[in-house]
Amino acid sequence: MEPSAVGLTEAEYQTIADLLGRQPNDLELGLFGVLWSEHCSYKSSKTLLGWLPHEGPAVVQGPGENAGVVRLNDAWDIAFKVESHNHPSYVEPVQGAATGVGGIIRDIVAMGARPLALADSLRFGLDAASRHLLAGVVTGIGQYGNAIGIPTVTGEASFGHSYRKNPLVNVLCLGIRPTGRTIGAGGARPGDQLILLGQKTGRDGIHGASLLASQDFGAEAETMRPTVQVGDPFMGKLLMEATLAAVASGRLSAVQDLGAAGLTSSIAELCYRSGAGADLWLDRVPCRETGMTPYDIMLSETQERMLLVAAVGEVDDLRRLVDHFEIPFTVIGQVVATDRLTVWFHGERAAEVAPSYLAGACPRRPLAAELSTAVRQPVAADPSPIPLTFEPDWLLQVLAAPDCRDREAIYRQYDSTIQTNTTQGPGHDAAVLRVRGSAEGICLAVSGPGRWAARDAYAGGAGAVSRVIRQLATQAASPLGLTDGINAGNPDRPQEFRALAALLAGIADAARALDTPVTGGNVSLHNETDGEAIWPTAVIGGVGRHFRPLQPYRDAFLRVGERVYLINPDPAPNLGGSVLAGLLGNLGSYPRPDLPRDAACYRFLAEMLRAGIVTASRSVGDGGVLTAIARMAMDSPSRLGVRLFLPADGLGARGFGEGSGQVVVTVGDGERLEGDADRAGVRVLEMGIVVADAAVSLEAGHSYRWDISRLRRAWRGVPGEGEA
Amino acid sequence: MTVGVLVFPGSNCDWDTVHALEDLKTECRTIWYTETDLRGLDRVILPGGFAYGDYLRSGALAAHAPVMAALERRVAETALPVLGICNGFQILCERGLLPGALRNNASGQFRCSLETVRVTAAHPLFPGLAAGTLLRLPIAHHEGSYTVPPGGLGALFEQQQVFLQYADADGVVQAYANPNGSVANIAGVSRGSVVGLMPHPERAMESYLGSADGRRLLSSWLEGGMRHGA
């Protein structure tokens, strides 16, 4: 077999031969092929990921395990991670997305945590084919999440031509486990039995990780369909309950899920993290069809499987416990003390390699010494669009733009209320969940603004992190940790690799400045078709501790006469990277966040909310300040509007610029806010007053007025409203 | 009083239902689908979910589970009060314990939303829920479009078997307030001591969850008595 048949280069093949001291056989080559793929080894991104901060007072488990873990309170830890399923979702949208959901759920379950919530982040093109893909992906996410009984509580979608052939489907799962539970992949001890639980192994998804997920798309994408797996949420539910019951029994030494690269990755990672090896008896693996070879069994990506590890004396009790769930339970191997993985098939030695070679020896892409400084340099001057006029139709056009539009058509297809913890679901800046028996709840936000990274990936990365922390701040939640879903183009092309590095530098600097560690995530590269790469897109998920989850803070106009302020107004507003700039045909560069200023703003906002001075708030994001204000009006339960007073000068940039760190708030006592802001060193700008008239009206040299009903029609995508 | 909550492989609202009953200080017990002894139970709930994955047709396989034969006997012999919620409603229809059937939503899509339902015919198992009572309850289903064989609708209304109908905020049963294409906006039906509904009362136990009307519905059902054979 040629190295290229398993996705390896000649140089990598030579390294493998040197490590082994001999030529690998075909099965061994296949094992290296999947584990040394970009998808499994992170060979291009691992050094860059080292830039991210991983330490913090709430961190229980940083990167390296199946998911990060942070401490909520004395009783509960939170496990959470975002993962992408981009290539499979393009090839087969329903099953690609469904198996992506199943995969991230298993990662959380493998940490011994019960999944409480899902969140999705979707990126698609704007053509008819993309709409079809989006519909399929939404169906797939709903199909799996709804059936397994985990609510999808928040999410976001955004659009751009660069995603046309490379849509992004990133899903975050969050679960809780009792504090003190430490199960993971690192606890296997020599003599322990390896137990395969769940679905019988079939020939599905062979080389999904190495060929489908780790290479660019070309004309052959269509022929990749057989590499996509099929999800079975019913089996997923039984597997989840059986695994959680096994973990709770205290009889396991380790757990590892089977995802990309199936048994190969699962066993190699388990051994490597446990500092051990294994004998694997492949002929014992229950298979769906006869005649499956060791190669097929090792590389199959059949879904809904889990690897449990337990001492010999625990196996019978575990079998009895799991029998209730009526799923296959098979001992397929045992842990040995030395660094060797031996694959046996009917008494024959089919392969023998060191797990540390498979999981730890893949050569990493070297970094140029000056890269870290170079990617932080400002990008070449890109004229920042500042409109000289102000067109009243812009507000309708922005609300009707694909990136701003109402998302109910998507989130209505997701069960957001099952498990009865959702006190604030979709349609807000962040979701809020109660945790039964705890005063503290969980706040969850997800955001991945690719448009902000289109010209300046550093600004986009930093902007994404700042936006998520801002969304948590609108709930006065204390940030506990972040997960990063990195999506970029082909790392072999210098400009794409540089964009990836800049994106990560931005994330790293913002996470440090905003004092929130990154506890794990996922990198998806090769999002490129026929040489056209996506906008580098960092999907950031943020988890915070909410202090009053039964009363989420509000984000709409509530009382006539309250003052409307902009906290931390952009000192030099421009349209760079904004929705309006895109509509006007000159996107420009997103302005780099002033991170210390953003940090001060978010601390101040949380304080003002808890003190009851700020009565409602909304984060400024897609569509800028006027869009945030329109949303607060459209969501007003008593149909209140607002009267705004702003300088005519620079109105377009002030109203539609998306500069980082800004939050629209309402207050009963404007002087109090101004005084406290002054003491905190935070700037605030008074913008107007809440009125009983159901309209947004604006005095800015001229008088403008938009009826809320009209704004709502544009936002809901009623044809004829807001069409540019 | 002890309430049994039936659990099929793939049920996923069983714990929500147990929590709701615990909130109402009611003793409850989960009953695995293979059990056939339902003695000692005063009421039974079939919770929501996707029993057996529902790959064939919602509720079709669960309707033939061993526990369902035992349930059917208790209903016939002692008029055991049974409440089917969402997938539980589908299972009861498939078993023939309730009239009609549930088909794919008219939109062809899963739908999760908060809806207003109106009590159409007061039922002896629900004291305090007079005809015309409005409740705000969440729905979350893909197969919730209620249907009856041609000509069956009139009898359903005449026999007071239509329990709940989707309505607008003012309580008027309107076509636009129908979230799933159910015939006559029907959201719940009854036959004797057996009641089924698509909305999830167990998810509406507190106003901070969107509505506390589910608490009202479940408390009423737990209080309600039923004369033998009524």
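Values in this text are rule-based calculations from the coordinates and carry no lab data. Fair warning: this is a prediction, and the values are worked out from it, not measured in the lab. All Cβ positions, even for glycine, are placed from backbone atoms using ideal geometry, and neighbour counts span all protein chains on display.
What the table shows:
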item	result
Mean Cβ neighbour count within 10 Å, used as a protection proxy, ranking A:326-337, A:477-488 highest first	A:477-488, A:326-337
Distance (nanometres) between label positions extended 7 Å along Cα→Cβ at A:Leu550 and A:Ala311	4.4 nm
Shielding of A:418-430 by partner chains, average beta-carbon count, 10 Å	4
Among beta bridges that DSSP assigns inside chain A, antiparallel share in %, nearest 5	80 percent
Relative contact order, percent, segment B:83-189 [alpha-carbon distance under 8 Å, six or more residues apart]	30 percent
All-pairs Cα distance distribution in segment A:298-364, expressed in whole percent, bin size 10 Å	14, 38, 36, 11, 1
FRET efficiency, B:Thr2 to B:Glu158 (Cβ-Cβ, R0 41 Å, nearest 0.05)	0.70
Selection of chymotrypsin sites (Phe, Trp or Tyr not before Pro), segment B:70-176, meeting DSSP coil and at most 16 other Cβ within 10 Å	none
DSSP-loop chymotrypsin sites (Phe, Trp or Tyr not before Pro) across segment B:9-76, with at most 15 other Cβ within 10 angstrom	B:Tyr55
Label-to-label distance, nm, for residues given as A:Arg512 and A:Arg639 (7 Å Cα→Cβ offset)	5.3 nm
Estimated 222 nm signal from helices in the protein assembly as shown, with DSSP H stretches of n ≥ 4 weighted -39500 (n - 2.57), rounded to 500	-9000 deg cm²/dmol
Cα-projected label distance for A:Ile386 with A:Ala17, points at 7 Å along beta-carbon direction, nm	6.3 nm
Pairwise centroid distance, computed over Cα atoms, of segment B:16-70 with segment A:240-255, Å	25 Å
Cβ-derived FRET efficiency at R0 22 Å, A:Arg284 paired with A:Glu352, nearest 0.05	0.75
Gain on full stretching of the segment that runs from A:Asp649 to A:Val560 - 0.36 nm per residue minus C-alpha separation	29.2 nm
Dimensionless Rg over Rh [segment A:534-659; C-alpha; Kirkwood]	0.97
Efficiency of FRET from Cβ geometry, A:Ser249 and B:Glu35, R₀ 25 Å, rounded to 0.05	0.65
Antiparallel DSSP beta bridges within segment B:2-223, as percent of all bridges there, nearest 5	60 percent
Peptide A:229-239, shielding by other chains (average Cβ, 10 Å cutoff)	3
Trypsin sites (Lys or Arg not before Pro) restricted to DSSP loop in segment A:386-452 with at most 12 other C-beta within 10 Å	A:Arg436
Chain A: DSSP helices with Cα axial extent of at least 20 Å and average Kyte-Doolittle hydropathy no lower than -0.5	A:93-110, A:128-148, A:233-248, A:457-473, A:494-513, A:595-610
Unit Cα scatterers, Debye sum, segment A:105-203: log10 I(q)/I(0) for q = 0.11, 0.14, 0.18 Å⁻¹	-0.50, -0.73, -0.95
Neighbouring partner chain Cβ atoms per residue of B:44-53, average, 10 Å criterion	3
Kirkwood-type radius of segment B:2-223, with distances r between different C-alpha atoms, in Å	17.0 Å
Volume in Å³ per residue [convex hull over Cα atoms, computed for chain A]	142 Å³
Percentage of interatomic Cα-Cα distances in segment B:1-95 larger than 20 Å	27 percent
Under 23 Å from the Cα of A:Lys81 - lysines, other chains or at least 8 residues apart	A:Lys43, A:Lys46, A:Lys237
Length gained when the stretch A:Arg319-A:Ala572 is fully extended (0.36 nm per residue, less Cα-Cα span)	84.6 nm
